[in-house]
Amino acid sequence: MALEIYISNHIRSLSAAMIDDFKHHGAPVLQPYYIITQTIGMNNWLVVNTANQLGIAANMKFLKPADILWEVYGLLGGQSYYKINRQNIDWLIYAVLSSAAFRNRFPKQAAYYIEEGVEQDVKKWEFAAKIADLFDQYQIYRNHIMQQWNTQAIEDIDPVMQWQAFIWQAIKSKSGEAFPDITAIHHFILAELKHPVQQERIRQAMPVLYLFGLSILTPFHLHIFYELSRVIDFKCYLVNPAPDHYWFEDEQEQQIFLKQFKGKNVAHLNVGNALLTSWGKVLQNTYRLLFRSDEFINAVNELPITQPAQGSLLQQVQYDIFYNKTENIQFTEAQLRDKTISITAHYSIPREVEVLYNYLLDAVIQQTYGAITERDIVVMVSDINAYAPYIRAVFDNAPHKFSYSIIDESIANGDTVISALILLLQVNEYNFTAELVLQLLESEHIRRRFGIYKMEYIRKIVLAANIRFGIDNDYQEGIDDTYLVSWKYGLQKLMFGMCFDESQWYVAGRDVYTTDIADNIEDMHQITALSSFVQALEETLKRRKVNKNLSDWKTYVDDLIMGFVIEEEQEKDEQYWDLITRFKQNEIIDAYLDDTKISYEVFSKRLLNAISGEQQSLNFMNRGITFCSPLPFRSIPFKIIALLGLNFDAFPRKESYVDFDLMIQKPMLGDRNIRNNDKHLFLESVLSAESALYLSYIGRSIKDNKPLPPSVLIDELLDYIQIGYRATGAGKLRDLLIQQHPLHSFSKVYNQADRALIPNYLIQEAKPFPITFKATEAQVMMQEQVFSLKDLLQFFTKPTQYYYNKVLQVYINDTIAQVAAHENFTLDSLQRWAVRQALIEGKIHGDEAERLKALYANAILPLRNVAPTFIAEQDEAITQIYQQYQDFLKDTAPQSITVMYTCDQYVFTGIIDNILDGNLIDYALKASKRSLKNKVQLFLKYLLAKATEQVAAAFLITLDGILALKPCTKLVAQETLEVFLRFFIKHHKAMILFPMDLYEEKLHADNYLTKLEESIQQNRYYDNYIIHALPFIDEAAQKEYFTDFKDLLDQYILPAFDHA
């Protein structure tokens, strides 16, 4: 049998050679081709290539290096089934750490997790999980140590290792043959391969074994592969980016200088290409491991190489790496501008994705890199789970639709059974806030289970009942009155509120001020469903308080799923059955834990870690653009390769070590290194890009606009190109290669003639705004002829908002806010105004105490001792207004009148309150100079009431005195009123920009827009309707509207008021 190693600089050459070997091998039809690869993406790519080259791809069995061990072990007659998965040995370790034997023998290690409370159990499990991960690595990277632990007594083992060896021997003793020991399996394979019968057995089942495209090999696997090659054909296809050069001992110039500075001998060291030696350390280690053995060296065969071109910037970088160039590095300005390497900096992830979309669409439209199809593009992101929602948001709503697929995303993403379970597991008594409960109901599975389908209404009623946090808080004791913002009290308010026509007091354990918000049977059903859901949550939280064994926790999670996520008759999906399989392991492993009781905190953290890290069903190269993490498509060539999230703190990842890791105490060639692995992924991406490489990172802080550095890999690439650019006498490079994109996609810097930035195709062609209405004669006849007093007052006080609300039916502020997670400690200006309004209305109507009690019961006021102080402050603020109002009130009660007035066939109708002894009295909780809106409202109400002969005079009470409206006759009132009504009839469908809050006498048509823009920029003006409308206005028309509005104020309204 033979060992053959084929090396090329291009993956396509390796693929063609291996597939050609399939033809010549002549395996039986049912004989599978065993191929060792490193990713599922590579498997799919090989299947496609095989089908293209041979016309068919069938019976190809792909294995990872770890899988081949189990495959050979099974073929040689090894144990086919182990009760305990190696992923679950942390529970066995947890049980050992809980034992008195370990605590007594190794008190120093046990001191880490021995403390009071639940924290002890959590730290113990975290310790167990880390040890389990190390044991997994030791079996591959320190196989000789594990062999010692398997064969020697604790006393004979190095004291530094004894506590870990004790745990290893203890879990093996507990589990017996139920637990897979990789070390024992390794020795079993080596021993069995020496027997002729077993050799023939393996030849029949696996006559040839292929290894394709691996960049990481360990001594453990190389040993297995070599022994296999003595029995069967073993063919290895490896990539070498610089096959004509022995660069595996080369180092960067900086590293050699550093060693020399430290006094080390560097005479034998060679300087290699800066990019290759920095990013290619993984390959260096792999080839150094291979070439330590003459057998592997003698097995090397060179395949034809593919020499890179030198035309573009990307090709020049690839060319330099291929020749391991260290001198005469040169880049021209034309290459820097050819867009084959694009680097973009952004403020946020959404902006990264938006600019990526524009880049890809522009490449397709402009054919920058020739004809590009969607399947020619792969986008790798440093954190696929963070980017996936934004990818869907941008690409699903973009003007041009790309087909795409997102792979290797966590099963916790999206609205799935798993994501619903994760949310439920994360809820506890300490984070039981209204917002978190509402987030639970964002899951379609949970909503459907409880019959909740009006989420906007549910959020509305939670806000109305002022539910903030806690199940019942101090409902029984009444210590700090936080029960007023609890779920129990809030649901009582809603449930009892369904029984009454309006809010009122009801005794139910405590005095409850009901919330009347249910308008129909459907609303009542939703309130009842919400109550059932919260009560079910409360019950499930109570069940967590008792420690349980794993079997009991399995039952608990089963009940949680069936009670909250899945209905009995509902068809179970793949994720559900995966969960069931996982929990069967809990029942099996429970038998080996000596009835160890586990707290909910430990169980849930372990379960959440396990299921959150799993990926959804992979769908590689299925359709369109592929979005994935960097690993699945490593080494695979694409015309355009994009990498997103190359931030300084995200990629390459940082290695985290613990001081008891035996591997870092004595490092060996071939040890795992996450940082070097990520660097190698980047090298593979640079070499695999056939037409263009797109690199993206967060380059500025969205909070303070400070610049943020990119990944060190981008810096190294830029530094390398800078060296070659300076060689041509050129200047700064980063300004040419890095595009800094603005914070918002609608920025004016886009789509300029110089094309300094990637064009923005997400900006739609603006439609005319404001929208103009050209009604037909029939439509005019059908238009509503009746307007309310409320419409009239809104038009003259907030004309822009009137246009949006009444004409466009748009309500910018009609968004339901996020629910706060605490009671009111302080009140904003609107809330203070509401309290003052309640105080003064209460004084007027003689029910002040009742109104304040209701405000407190609804938790509008600060709770407990803060409330009286706050009320006293607000009462003082309105005392003067009330006293002045009292002078009008005397012994009479306020009355209301109904008004109706017709003008040019339009009818205006409404109810006017606060009529005292034939006079219209109103008040403003502000000074007279700041009461323009109140003056306008009182003026129009007075005209309507006077025109219908229902009042004599009108007064406005302000913080600095009483304003009297100059009386007029009925005829004058009618004439003046009709001026305003005809203005309304003429312009009520026009958008008028008149900022009433900023109005002053010196304001005029030529300066009011400037004044308005300055106020908005300085955050002194907050009208969202005006802010939205401002960019779209016709300035000439608005100036005319402003002049007409100002004339009405100056000619009629302002002169009509005098201090009484």
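The values are calculated or read from the model by the stated rules, or taken from the named source; none is laboratory data. For clarity, every value in this text was computed on a predicted model and none was experimentally measured. Heads up, the Cβs are rebuilt from the backbone with ideal geometry, glycines too, and the neighbour counts pull from every protein chain shown.
Below are the figures for this structure:
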| read-out | value |
| --- | --- |
| Test: residue in segment 978-997 that is in contact with a Leu (Cβ under 7 Å, 6 or more places away or on another chain), part of a helix (DSSP H, G or I) and within 17 Å of Leu920 (Cβ to Cβ) | yes |
| Meets criteria (under 30 Å from Leu550 (Cβ atoms), assigned by TED's automatic domain parsing to the domain that holds Ile140 and not in a helix (DSSP H, G or I)) for Tyr94 | no |
| Residue match in segment 349-360 (condition: at pLDDT 90 or above and in a loop (DSSP other than H, G, I, E, B)) | no |
| Qualifying positions in segment 529-584 - at pLDDT below 85 and either among the polar types (S, T, N, Q) or not assigned by TED's automatic domain parsing to the domain that holds Gly490 (or both) | Gln570, Gln575, Thr581 |
| Residue in segment 833-843 that is surrounded by fewer than 18 Cβ atoms within 10 Å (Cβ to Cβ), out of contact with any helix residue (DSSP H, G or I) (no Cβ under 8 Å at 6 or more places or on another chain), under 18 Å from Lys926 (Cα atoms) and of a type in the set (Gly, Ala, Ser) present | yes |
| Pick from segment 468-487, criterion closer than 19 Å to Leu424 by Cβ and surrounded by 19 or more Cβ atoms within 10 Å (Cβ to Cβ), ranking: farthest from the chain's Cα centre (by Cα) | Trp487 |
| Which listed residue, of Leu560, Leu537, Leu530, Leu541, is in contact with an Asp or Glu (Cβ under 7 Å, 6 or more places away or on another chain), in contact (Cβ under 8 Å) with a residue 60 or more places away in the chain and assigned to a helix (DSSP H, G or I) | Leu541 |
| Filter pass, Tyr73 being touching a helix residue (DSSP H, G or I) at 6+ places or on another chain (Cβ under 6 Å), within 18 Å of His221 (Cα to Cα) and either assigned to a helix (DSSP H, G or I) or without any contact (Cβ under 8 Å) to a residue 60 or more places away in the chain (or both) | yes |
| Selection status of Asn413, within 17 Å of Glu539 (Cβ to Cβ) and in a loop (DSSP other than H, G, I, E, B) | no |
| Residue match in segment 536-546 (condition: in contact with a strand residue (DSSP E or B) (Cβ under 8 Å, 6 or more places away or on another chain) and either of a type in the set (Ser, Thr, Tyr) or surrounded by fewer than 17 Cβ atoms within 10 Å (Cβ to Cβ) (or both)) | no |
| Total residues in segment 1007-1021, condition in a loop (DSSP other than H, G, I, E, B) and surrounded by 10 or more Cβ atoms within 10 Å (Cβ to Cβ) | 3 |
| In segment 293-319, the residues that are among the charged types (D, E, K, R) and free of Cβ contacts under 8 Å to residues at least 12 places away in the same chain | Asp294 |
| Count of residues meeting criterion [in contact with a strand residue (DSSP E or B) (Cβ under 6 Å, 6 or more places away or on another chain) and under 19 Å from Tyr359 (Cα atoms)] in segment 375-394 | 9 |
| Test result for Leu438, without any contact (Cβ under 8 Å) to a residue 60 or more places away in the chain, assigned by TED's automatic domain parsing to the domain that holds Trp487 and part of a helix (DSSP H, G or I) | no |
| Qualifying residue in segment 896-904 (condition: within 20 Å of Phe1057 (Cα to Cα) and surrounded by 15 or more Cβ atoms within 10 Å (Cβ to Cβ)) | no |
| Among residues of segment 639-672, those that are in contact (Cβ under 8 Å) with a residue 12 or more places away in the chain and either in a helix (DSSP H, G or I) or among the charged types (D, E, K, R) (or both), counted | 10 |
| Hits in segment 489-503 - residues which are touching a Gly at 6+ places or on another chain (Cβ under 9 Å) and surrounded by fewer than 21 Cβ atoms within 10 Å (Cβ to Cβ) | Ser503 |
| Qualifying positions in segment 433-459 - closer than 14 Å to Ile561 by Cα and touching a helix residue (DSSP H, G or I) at 6+ places or on another chain (Cβ under 9 Å) | Leu440, Ser443, Glu444, His445, Ile446, Arg447, Arg449, Phe450 |
| Checklist (1) under 28 Å from Met562 (Cα atoms); (2) buried (at least 17 other Cβ atoms within 10 Å of the Cβ) applied to Tyr430, failing item | (2) |
| Matching residues in segment 673-697 - criterion: being aromatic (Phe, Trp, Tyr), under 17 Å from Val239 (Cα atoms) and not in a helix (DSSP H, G or I) | none |
| Failed item, numbered, when Phe1045 is tested on (1) more than 28 Å from Leu963 (Cα to Cα); (2) part of a helix (DSSP H, G or I) | (1) |
| Test: residue in segment 398-412 that is among the basic types (Lys, Arg) and closer than 25 Å to Glu567 by Cβ | no |
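To keep it simple, each residue is scored yes or no on (1) closer than 30 Å to Lys493 by Cα; (2) under 52 Å from the mean Cα position of the chain (by Cα).
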| position | (1), (2) |
| --- | --- |
| Asp875 | yes, yes |
| Met900 | no, no |
| Cys903 | no, no |
| Thr909 | no, yes |
| Leu920 | no, no |
| Tyr923 | no, yes |
| Lys926 | no, yes |
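So that you can scan it fast, the table gives a plain yes or no per residue for (1) farther than 23 Å from Ile305 by Cα; (2) assigned to a loop (DSSP other than H, G, I, E, B); (3) outside the structural domain of Pro632 (by TED's automatic domain parsing):
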| site | (1), (2), (3) |
| --- | --- |
| Ser15 | no, no, yes |
| Phe22 | no, no, yes |
| Leu30 | yes, yes, yes |
| Tyr34 | yes, no, yes |
| Gly41 | yes, no, yes |
| Trp45 | no, no, yes |
| Val48 | no, no, yes |
